[in-house]
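Read through the structure below, which is laid out as structure tokens, and then see the notes.
The values are calculated or read from the model by the stated rules, or taken from the named source; none is laboratory data. Keep in mind that this is a model prediction, so the values were computed, not measured. Cβ sites come from the backbone with ideal geometry, for glycine too, and all protein chains shown count toward neighbours. The protein model used for the area step is the full one, side chains on, heavy atoms only, and it has no ligands, DNA or RNA in it. Shrake-Rupley method; radii C 1.70, N 1.55, O 1.52, S 1.80 Å.
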Amino acid sequence: MTVVKEGKPRRCVVVGKTNVGKTLFALNFAESLGAESVVLRREDSGGGGYRISYSPEGARRELVSSEPHRTLSPQAIVVEIRAGKVRREVTVVDTPGLGDHIDERPEVRQGMAAALRVVYDADLVLHLVDASQVGKATAKEAPGEVDYQLARFSRFKPGYVILANKMDLSASEAGLKTLRQLFPGEYIIPISALRSSGFDEVKAFVRRHL
Amino acid sequence: MDGQGAAPRPDRDLRLDDVACLIEQGKITAARGLLMLEAPAMDTGRAAVAPADSSGEIDQVLQELDSLIGLGKVKRLVRGIKAFIEVQRLRSLEHLAAEPLVLHMVFKGNPGTGKTTVARILGKVFKEMGVLQKGHLCEVERADLVGEYIGHTAQKTRDQIKRALGGILFIDEAYSLARGGEKDFGKEAIDTLVKAMEDHKDDLVVILAGYLREMEYFLRTNPGLKSRFPIHIEFPDFTLEELLKIAEMMLQKREYVTATEAAEALAAHLRSRLELGEENAGNARLVRNLIERAVRLQAVRLTGRGAPDRGPFTRKDLMLIVRDDILAAVAEDEEAGE
């Protein structure tokens, strides 16, 4: 049986292919949990780290982009979440996007390797998939090989959920249906990171696994 | 356990570092890296899969194999494959050169000779031995792989491969991929398949199945394929004795018995078919169909209109298959065959 030690911080990772909306989700999710400012802790490859503090708007402006591979290193946001009467600290780590192919830019590859390390150590894996791109034969194709491998790898984590993102787009409804068929047995929550919709279910999920 | 599950294990960092390094150097994709990593042991509250503790399971699977009638050569081959995997594993632990585990196979034989059944069992063997993640069997044929317009085929084939990842892709009547000549999309399916076999070396076993002669011709005309499928298994037709044993076992499982004359009638029918040299005479599926018909016709005899001895039935009545049931089943079967 699992006896989680009081106060043991849980690491929750936001992971997925590039451009599925990981950073926007992490920021908006943190905000919906009541974070008034976003304190990012970046870990560089040497093991050191630094902190930057943003307002939620500032963070979105600075960190979110529709260009792929905007996030090049994992960035952690510490948020508080209420579980019953207790407030617990949860570290939500936003990670660089994973691609299905080997990227020619070394900084992108380094980012992917760093993301993998975070996934390895995480307790909770929030796996974002772009529901509007399901079945499209492009580099953004969802799910890609890396999505299947993420699911395989994360299945035995204490908590694993697939977040079908971009449900505000019209193509996503059909995409969600296909995702449910492709990942039978996995827990899938439809969300829109942009509109902050579907977050209640995600919060409930995180809370259950605290 | 007290929540220390995530604590680093001594071998853990090394493995993770190696994989991370390969990704940074651009040697492997992120997906491949994930595949190389075992998830660290953590308290999940769920039952974790323990591959090391599966010796009991594998015995059970092998028992299932042994319970099949006939197929002596096939059984020996499956055991041989199992031994090979074990030894390669042990060798790699001793840092001896280990042969890569290439387990793609060709199954040659007539329909109803046990190809699918054996493939399904092999999937379980591979799963228990940790060669494949899931060990499920994904059965496809030409129509599942080949599309109707340019580009369609590759997509369809890739979809099926995705479904089969972690298990076995079983392509029935695989030789039909080569029909239709140069312009046919079957060739595209083969090319996509070959590429997938490279990409998913560690997570996919492909079995090509079909008639002996057609498969040999298919492999001869696609020499590139032949070298990728090192294991060939021939499934001979069942003999009369084997077919009768299969029938007996099927009835036993269903808790029926045959009257002596009924067994004789069945034997006579099967013998005449074999002597006539019918193409599918040595076919277990045929026997199964006959038995299923006989079981149904027994019920008709017992309860049908004009049944002379309508109830009450004894336990024995309900179990007994008589000669007339077999003859009626044969007649019905021949009718259906035409």
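From the P(r) of the protein assembly as shown, could you give the percentage of C-alpha pairs in the tail past 38 Å? Percent of Cα pairs beyond 38 Å in the protein assembly as shown: 44. With R₀ fixed at 51 Å, the C-beta to C-beta distance from B:LYS27 to B:ASP66 puts the FRET efficiency at about 0.70. Based on the Stokes-Einstein relation at 4 °C and a viscosity of 1.567 mPa s, and on the Kirkwood radius from alpha carbon pairs, segment A:57-210 is assigned a translational diffusion coefficient of 79 µm²/s.
Peptide A:153-165 has a mean shielding of 3, counted as Cβ atoms of other protein chains within 10 Å of each residue's Cβ. Pairwise inverse Cα distances across segment B:104-248, averaged and inverted, put the Kirkwood hydrodynamic radius at 15.7 Å. Here the label points at B:ILE58 and A:ASP200, each 7 Å from Cα along the C-beta direction, are separated by 5.1 nm in the simple model. For B:LEU132, the amide hydrogen comes within under 5 Å of the amide hydrogens of B:LYS127, counting only partners 5 or more places away or on other chains and with H modelled in the peptide plane.
What's the local net charge at B:ALA154, with K and R +1, D and E -1, over the other residues with C-beta under 12 Å away? Here the charged neighbours net out to +1.
What the Cβ-Cβ distance of B:MET319 and B:THR221 gives, at R0 = 56 Å and to the nearest 0.05, is a FRET efficiency of 0.60. Here each label is just a point 7 Å from Cα along the line to Cβ, and for A:ARG208 and A:GLU107 those points are 4.0 nm apart. Multiplying the residue separation of B:HIS152 and B:ARG76 by 0.36 nm and removing their Cα-Cα distance gives an extension gain of 23.3 nm. In this rough spin-label picture, where each label sits 7 Å from Cα along the Cβ direction, the B:THR260-B:GLU292 distance is 3.2 nm. Relative to a virtual label point 7 Å from the Cα of B:GLU214 in the Cα→beta-carbon direction, which members of segment B:144-171 show backbone nitrogen distances below 13 Å? B:171, by backbone N distance to the label point. Straight-line cross-link reach from A:LYS166 at under 20 Å between alpha-carbon atoms covers these lysines, not counting any fewer than eight positions away in the same chain: A:LYS17, A:LYS22, A:LYS136, A:LYS140, A:LYS177, A:LYS203. Interface area, chains B and A: about 3300 Å² of buried accessible surface, summed, with a 1.4 Å probe and ligands, DNA and RNA left out. Comparing A:GLU141, A:GLU57, A:GLU67 in a Gaussian network model of chain A (Cα springs below 10 Å), the most mobile by mean-square fluctuation is A:GLU67.
Within segment B:240-336, the proportion of C-alpha pairs whose separation exceeds 16 Å stands at 53%. Each other residue within a Cβ distance under 10 Å of B:LEU145 adds +1 if Lys or Arg and -1 if Asp or Glu, for a net charge of -1.
Entry comment: accessible area of the protein assembly as shown is 51 Å² per residue, from protein heavy atoms only and a probe of 1.4 Å.
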